[in-house]
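Visitor: Before I ask anything, here is the structure I am working with.
The values are calculated or read from the model by the stated rules, or taken from the named source; none is laboratory data. All values derive from a computational prediction rather than experimental measurement. Cβ coordinates were reconstructed from backbone atoms using ideal geometry, including for glycine residues, and neighbour counts include every protein chain displayed.
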Amino acid sequence: MITPQRPQYGPTLFQQFVQENTGQLLPIYGSQFFSTPQLYAPVLNTQPPDNYILGPGDEIQLDLTGAANLQYTFRIDPDGRVTIPTVGPITLAGVRAADLERVLRQHMAKVYTNFQLAAKIARLRAIQVYLVGHAAAPGTYTLSNLSTVINALFASGGPAPTGTMRAIEVRRQGKRIGRIDLYDFITRGDTSKDITLQPGDVITIPPVGPQVALTGAVDSAAIYELPHTGGTLGEVIELAGGLPALASPQKAIIERIDAKDPQAPRRVIVVALDANGLKTPLKDGDIIRLFALQPAFGETVTLQGHVASPLRYAWFPGMRILDLIPDAQALIKPDYYRQLNQRVMTLKPAGDPLNQIRVEHLSINWDYAVIERLDRQTLRKRLIPFNLGKAVLQRDPAHNLPLEPGDVVTVFDHKDMTLPLRRRSRFVLVEGEVAAPGLYEVAPDETLPQLLARIGGVTPQAYLYGLAITRESVRQQQQANLDKLITQLERSLFDQSGETLSNVAGLTSEQVKILRDQQRNTAKRQLDLLRQQKSSGRFALHLKPEIDLPLDALPSITLEDGDRIVVPPRPSFVAVFGAVRNENALVWREGITVGDALRLAGVSDDAETAEIFVLRADGTVVANRDRSSWFAGIQGELLMPGDTVVVPFKADRETKWSFFMRNLKDITQIFSNLGLGLAALNSL
């Protein structure tokens with residue numbers, strides 16, 4: 001047989017009424033149990049209980065061994081009998097299942113001797129019952145002989161939304177033999193009043209009875225049906241699982257309509273949820289609202305922010321800041337210790353010491369913390385600042401402020417707000433040819449020369465002219481400039497793709513197209529290379545070009561947190577790069593000039609001599625275009641150890657470098673504004 005499908009129902013009138021008043025479309029309590037009806041077909045190969053009474057339609061399986069080996073399957077006929085060959089008819093109707101083998105053995109013994117007998121009920125007889133009234137799928141149902149009213153209701157899809165669950169009637173031969181309240185089974189699993197069906201029984205589902213809605217601070221918000229005898233507030237709350245722990249036990253509100261006067265305004269009844277209030281009788285159409293507990297905490301103080309244990313703490317009379325934050329240890333977050341433990345447990349090297357120390361550094365704002373307090377009279381929030389260092393470290397009574405219930409105390413660190421430079425912790429990494437390389441905390445306003453002098457100065461091999469200092473804020477700006485340049489180059493790529501072809505005569509249109517495509521592909525590859533470049537964050541110091549500079553020759557720049565200072569040893573070479581025949585490093589000697597280096601390297605024919613420039617070891621750039629002429633210009637410039645002479649190619653020769661240079665108006669932006677160095681030159 002086909003399993004019936006429960007129809008899809010729209011909301012009932014009462015559901016719509018509740019939705020208009022609460023904004024919620026509440027389900028009908030219990031309807032979810034019938035959302036997937038299952039047809040109870042006759043049960044096969046299942047043994048009934050011992051008190052089952054055999055009747056017409058039941059199938060019996062008989063196994064006989066010993067003097068004769070026989071196996072029979074019989075169906076009890078309408079007369080209540082089965083017929084066994086050589087034995088004859090045997091009446092089984094009215095026999096209990098527990099007595100089946102005994103009755104058969106008595107009859108078989110009249111014919112056979114020395115035998116063993118086994119019998120069982122192979123198939124139960126089916127019955128037909130009728131489901132009428134406000135059912136989801138009314139009709140005739142063929143069910144197992146053991147089925148009950150509850151079985152039939154689940155098999156058929158149960159009551160429709162307009163049908164009752166609390167007064168389902170069963171009629172047998174025209175007489176009502178019982179009434180079932182499905183809430184007993186749904187809520188408590190009570191089947192004591194369930195009725196075993198017989199053939200021809202009629203299950204009637206009357207219209208739904210009085211209904212109320214339960215909403216608010218309750219897990220099982222739904223439409224509940226009241227019994228025909230009426231119901232109380234406590235009974236409905238009990239159906240919903242009882243009063244939730246998060247619901248206010250003080251009161252509930254009942255919105256009530258007057259059925260006698262539909263034009264009368266609805267009433268609002270406030271009910272205390274005590275023993276008497278739970279006995280309040282409910283009426284059809286009531287909407288019950290339960291309230292949630294107030295989230296406010298009484299007699300507590302909250303500590304939050306950069307603290308070891310951000311929690312709510314019990315308030316007591318006379319409580320002050322030091323009772324909440326007794327010492328500096330109360331401000332060390334667990335993450336600090338976890339990071340230290342990871343350094344001990346890991347087998348990997350510690351990594352960058354600058355970032356390692358900065359991550360683990362405790363940067364509490366000792367000058368400012370605040371108490372947030374709600375004025376109970378005006379309901380206005382007040383902020384009461386105090387000096388955390390004076391309160392906790394110095395035990396200053398003026399800053400050990402009294403606390404009140406509900407106060408929220410917040411401790412900040414330097415990430416929460418920008419502090420003055422003097423109040424910030426700053427760590428600088430110094431490497432290379434210095435007396436004591438390492439990570440140092442710098443004092444407010446401490447300059448580069450002062451720091452180097454404080455750590456013992458530099459070694460005899462130090463080359464201060466080549467000192468490199470990198471800074472994160474500078475790197476970010478340089479990278480932004482580089483990204484902006486790449487965007488500009490992309491925009492001009494197609495506009496300028498044919499400019500270099502103007503100097504080539506005698507080309508056909510097809511040849512021009514091929515060359516233009518080649519230039520575009522080359523330009524795209526060069527842009528991809530440029531995207532791979534990352535700004536260094538180094539900025540030029542503009543030092544006097546001398547071999548042995550004293551510390552006081554360094555600029556008095558104030559150091560920032562995260563600065564990296566590298567003092568290299570003095571190199572022995574200068575380099576020539578670009579359109580030269582011998583692109584190599586040259587041994588530096590005192591008095592060597594740009595012209596000397598170019599003669600040794602050999603300038604090629606496709607060099608753009610007007611664009612020659614020198615990348616100084618101190619990060620500055622000396623460009624030929626800044627001089628009045630080539631001969632009076634950069635040729636006579638003295639070179640320092642570590643300097644690099646760059647000779648660009650002519651624009652007619654489309655190279656990586658010429659493409660890049662055509663789009664730049666100032667050579668210096670390659671190194672100062674963009675933060676690119678020799679590694680970038682080699683890739684371009």
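Visitor: For the stretch 359-391, which positions are under 17 Å from Tyr336 (Cβ atoms) and either modelled with pLDDT of 95 or more or in a loop (DSSP other than H, G, I, E, B) (or both)?
Guide: Result: His361, Leu362, Ser363.
Visitor: Out of everything in the stretch 623-640 that is touching a strand residue (DSSP E or B) at 6+ places or on another chain (Cβ under 7 Å) and at pLDDT 85 or above, what residue ends up being surrounded by the most Cβ atoms within 10 Å (Cβ to Cβ)? Let's see the steps before the verdict.
Guide: Pass one, the stretch 623-640, residues touching a strand residue (DSSP E or B) at 6+ places or on another chain (Cβ under 7 Å): 623-624, 634-639.
Cutting the leftovers down to at pLDDT 85 or above gives us 635-639.
Working: Gln635: 19, Gly636: 12, Glu637: 21, Leu638: 13, Leu639: 27.
By that ranking, first place goes to Leu639.
Visitor: Sticking with this one: Being acidic (Asp, Glu) and more than 29 Å from Pro385 (Cα to Cα) is the filter here, so list the residues in the stretch 442-471 that pass it. Full working, then the answer.
Guide: Going through the stretch 442-471, the residues acidic (Asp, Glu) turn out to be 445-446.
If the condition is that a residue be acidic (Asp, Glu) and more than 29 Å from Pro385 (Cα to Cα), then Glu446 is the only one that fits.
Visitor: So which residues in the stretch 165-190 are touching a helix residue (DSSP H, G or I) at 6+ places or on another chain (Cβ under 9 Å), farther than 29 Å from Arg125 by Cβ and surrounded by fewer than 22 Cβ atoms within 10 Å (Cβ to Cβ)?
Guide: Quick first cut of the stretch 165-190, residues touching a helix residue (DSSP H, G or I) at 6+ places or on another chain (Cβ under 9 Å) only: 165-166, 168, 170, 178, 180, 182-183, 185-187, 190.
Now drop any that are not farther than 29 Å from Arg125 by Cβ, which leaves 165-166, 183, 186-187.
Scanning the stretch 165-190 gives Tyr183, Ile186, Thr187.
Visitor: So is Leu153 crowded, with 19+ Cβ neighbours inside 10 Å, more than 45 Å from the chain's Cα centre (by Cα) and either modelled with pLDDT of 90 or more or under 21 Å from Pro7 (Cβ atoms) (or both) or not?
Guide: Details: crowded, with 19+ Cβ neighbours inside 10 Å: yes; more than 45 Å from the chain's Cα centre (by Cα): no; either modelled with pLDDT of 90 or more or under 21 Å from Pro7 (Cβ atoms) (or both): yes.
Taking the combined requirement at face value, the residue does not satisfy it.
Visitor: What about Thr148, is it under 51 Å from the mean Cα position of the chain (by Cα) and within 30 Å of Ala98 (Cα to Cα)?
Guide: Details: under 51 Å from the mean Cα position of the chain (by Cα): yes; within 30 Å of Ala98 (Cα to Cα): yes.
So Thr148 passes the test.
Visitor: Let me ask you something else. Could you give me the residue pairs with C-beta distances under 7 Å whose first residue belongs to the stretch 310-326 and is touching a residue at least 40 places away in the same chain (Cβ under 8 Å) and farther than 20 Å from Leu388 by Cβ, whose second residue is crowded, with 16+ Cβ neighbours inside 10 Å and charged (D, E, K, R) wherever it lies, and which are 6+ apart or on separate chains?
Guide: Hits for this filter: zero, empty list.
Visitor: Looking at Leu541, Leu598, which one is buried (at least 19 other Cβ atoms within 10 Å of the Cβ), in contact (Cβ under 8 Å) with a residue 12 or more places away in the chain and assigned to a helix (DSSP H, G or I)?
Guide: Numbers: Leu541 fails: assigned to a helix (DSSP H, G or I).
One residue alone meets the criteria, Leu598.
Visitor: Under 8 Å by Cβ, and 6 or more places apart or on different chains, what pairs join a residue from the stretch 244-261 that is touching a residue at least 12 places away in the same chain (Cβ under 8 Å) and among the hydroxyl-bearing types (Ser, Thr, Tyr) with one that is surrounded by 13 or more Cβ atoms within 10 Å (Cβ to Cβ) and in a loop (DSSP other than H, G, I, E, B)?
Guide: Filtered contacts from the stretch 244-261: Ser248/Ala217; Ser248/Leu273; Ser248/Leu293.
Visitor: Something else now. Could you name every one of the strands (runs of 3 or more DSSP E) located completely within the stretch 134-231 that has at least 2 residues being closer than 22 Å to Gly10 by Cβ? Before the answer, list the steps.
Guide: Working: elements: 139-144, 168-172, 175-180, 202-205, 211-216, 222-225.
Once the strands (runs of 3 or more DSSP E) in the stretch 134-231 are filtered for at least 2 residues that are closer than 22 Å to Gly10 by Cβ, what remains is 211-216, 222-225.
Visitor: Can you tell me which residues in the stretch 58-68 are within 13 Å of Met108 (Cβ to Cβ) and surrounded by fewer than 16 Cβ atoms within 10 Å (Cβ to Cβ)?
Guide: Across the stretch 58-68, the qualifying residues are Asp63, Thr65, Gly66, Ala67, Ala68.
Visitor: Based on this model, can you work out whether Ser556 counts as assigned to a loop (DSSP other than H, G, I, E, B), of a type in the set (Ser, Thr, Tyr) and modelled with pLDDT under 90?
Guide: In short, no.
Visitor: When only residues in the stretch 438-473 that are of a type in the set (Ser, Thr, Tyr) and part of a loop (DSSP other than H, G, I, E, B) count, which is surrounded by the most Cβ atoms within 10 Å (Cβ to Cβ)?
Guide: So in the stretch 438-473, the residues of a type in the set (Ser, Thr, Tyr) come out as 440, 447, 459, 463, 465, 470, 473.
Of the ones still in play, those that are also part of a loop (DSSP other than H, G, I, E, B) are 459, 463.
Values: Thr459: 12, Tyr463: 22.
Residue satisfying both the conditions and the ranking: Tyr463.
Visitor: When you go through (1) under 21 Å from Glu637 (Cβ atoms); (2) among the β-branched types (Val, Ile, Thr); (3) touching a helix residue (DSSP H, G or I) at 6+ places or on another chain (Cβ under 9 Å) one by one for Val587, which number turns out not to apply?
Guide: The number of the failed condition is (3).
Visitor: Looking only at the stretch 111-129, decide whether some residue is surrounded by 16 or more Cβ atoms within 10 Å (Cβ to Cβ), at pLDDT 90 or above, in a helix (DSSP H, G or I) and not acidic (Asp, Glu).
Guide: The answer is no; no qualifying residue exists.
Visitor: Now a separate question. Among the numbered criteria (1) at pLDDT below 90; (2) hydrophobic (A, V, I, L, M, F, W, C); (3) not in a loop (DSSP other than H, G, I, E, B), which one does Leu39 miss?
Guide: The number of the failed condition is (3).
Visitor: Can you confirm whether Ile53 is closer than 20 Å to Asp201 by Cβ and in contact with a strand residue (DSSP E or B) (Cβ under 9 Å, 6 or more places away or on another chain)?
Guide: On the way: closer than 20 Å to Asp201 by Cβ: yes; in contact with a strand residue (DSSP E or B) (Cβ under 9 Å, 6 or more places away or on another chain): yes.
So Ile53 fits the description; yes.
Visitor: Then there is this: If you go through the stretch 85-106, how many residues are farther than 19 Å from Ala122 by Cα, modelled with pLDDT of 90 or more and either of a type in the set (Lys, Arg) or surrounded by 16 or more Cβ atoms within 10 Å (Cβ to Cβ) (or both)?
Guide: Residues that pass the stated criteria total 0.
Visitor: Yes or no: the stretch 414-423 includes at least one residue that is in contact with a strand residue (DSSP E or B) (Cβ under 9 Å, 6 or more places away or on another chain), in the same structural domain as Ala330 (by TED's automatic domain parsing) and either in a strand (DSSP E or B) or surrounded by 15 or more Cβ atoms within 10 Å (Cβ to Cβ) (or both).
Guide: Checked the stretch 414-423: at least one residue is in contact with a strand residue (DSSP E or B) (Cβ under 9 Å, 6 or more places away or on another chain), in the same structural domain as Ala330 (by TED's automatic domain parsing) and either in a strand (DSSP E or B) or surrounded by 15 or more Cβ atoms within 10 Å (Cβ to Cβ) (or both).
Visitor: If you don't mind, another one. For residues that are of a type in the set (A, V, I, L, M, F, W, C) and loosely packed, with under 14 Cβ neighbours inside 10 Å, tally how many sit in the stretch 586-595. Outline the logic, then answer.
Guide: Within the stretch 586-595, the subset of a type in the set (A, V, I, L, M, F, W, C) is 586-588, 592, 594.
Applying the additional criterion that residues be loosely packed, with under 14 Cβ neighbours inside 10 Å yields 587.
Of the residues in that region, 1 qualify.
Visitor: Of all residues in the stretch 576-595, which are of a type in the set (S, T, N, Q) and part of a strand (DSSP E or B)? Full working, then the answer.
Guide: At the first step, the residues of the stretch 576-595 found to be of a type in the set (S, T, N, Q) are 582, 584, 593.
Within the stretch 576-595, just Thr593 meets the criteria.
Visitor: Only residues that are part of a strand (DSSP E or B) and without any contact (Cβ under 8 Å) to a residue 24 or more places away in the chain: list them for the stretch 83-110, please. Outline the logic, then answer.
Guide: Narrowing the stretch 83-110 to residues part of a strand (DSSP E or B): 83-84, 88-91, 96.
The answer is Thr83, Gly88, Pro89, Ile90, Thr91.
Visitor: Limited to the stretch 248-279, what total is found for residues that are in contact with a helix residue (DSSP H, G or I) (Cβ under 9 Å, 6 or more places away or on another chain), under 30 Å from Phe185 (Cβ atoms) and outside any helix (DSSP H, G or I)?
Guide: 5
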